[in-house]
Amino acid sequence: MMGFPSRAALAGCVILAAGLACGKPKAIKPSKPVPAGTVLLQFTKKVDGPVDLTIDGIRIPVQQTSKKCKRLTITGLAAGKHHLVLLSALDAFGPDQIDIEVTPGQGVFQVLFSQQFKAVLYGKPEPTPQAEGIPGVVARLES
């Protein structure tokens, strides 16, 4: 008979396969602590941009430091609860709307699923109006 030489070898292979398949996933953490008053949104895949950010119903201008970016850093938000909406013509986010709470003396770290759209758009899109922003709040896409 072809196959495993013994039942003990078969049991050992089953235990080994189960142990490898049930490994703990690694948690995604920031490389260094998030400074107080800062919100760091890390994406699962690099984002092409541009990104449209709305905080509490007010559009915020987003600076982009490079072509493909891995995180969005928001500084200058006041303490309290805030509603963020993140949109892009070239990227999809999950979730695209989040509620965060900025507490004094602490930063906020959130991981967002990101995926690129593989769509062909014909014609030129209408230009979006200039984002008015919130005084003191700065948002940057960074690699």
note = If every Lys and Arg gets +1 and every Asp and Glu gets -1 at its Cβ, then about the Cα centre the range 79-143 yields a dipole, in debye to the nearest 20, of 140
key: Extended-chain gain in nm, criterion 0.36 nm per residue less alpha-carbon gap, residue 34 and residue 90   = 17.4 nm
key: Rounded to whole Hz, the Karplus (6.51, -1.76, 1.60) HN-Hα couplings of the range 46-56, x for glycine and proline   = 5, 10, 6, x, x, 10, 9, 10, 10, 10, 6
remark   = If the chain between residue 98 and residue 52 were fully extended at 0.36 nm per residue, the gain over the current Cα-Cα distance would be 15.2 nm
ask   = If packing is taken as the mean number of other Cβ atoms within 10 Å per residue, what is the order of 28-35, 98-105, highest first?
value = 98-105, 28-35
query = Under the definition of Cα pairs under 8 Å and six or more residues apart, what whole-number percent is the relative contact order of the range 27-142?
reply = 39
task = Return the aspartates and glutamates within reach of residue 67: Cα separation strictly under 14 angstrom, same-chain partners fewer than 8 residues apart disregarded; answer none if there are no such residues.
result = 48, 91, 142
request  = With r as the distance between the Cβ atoms of residue 83 and residue 117 and R0 = 22 Å, compute the FRET efficiency 1/(1 + (r/R0)^6) and round to 0.05.
outcome  = 0.35
query = For 140, 71, 7, what's the fewest-to-most ordering of other Cβ within 10 Å of each Cβ?
reply = 7, 140, 71
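Every read-out reported here was derived from the displayed coordinates using simple, explicitly stated rules and does not represent laboratory data. Owing to the predicted nature of the structure, the values given are computational and were not obtained by experimental measurement. Note: ideal-geometry Cβ built from the backbone for every residue, glycine included; neighbour counts use all protein chains shown.
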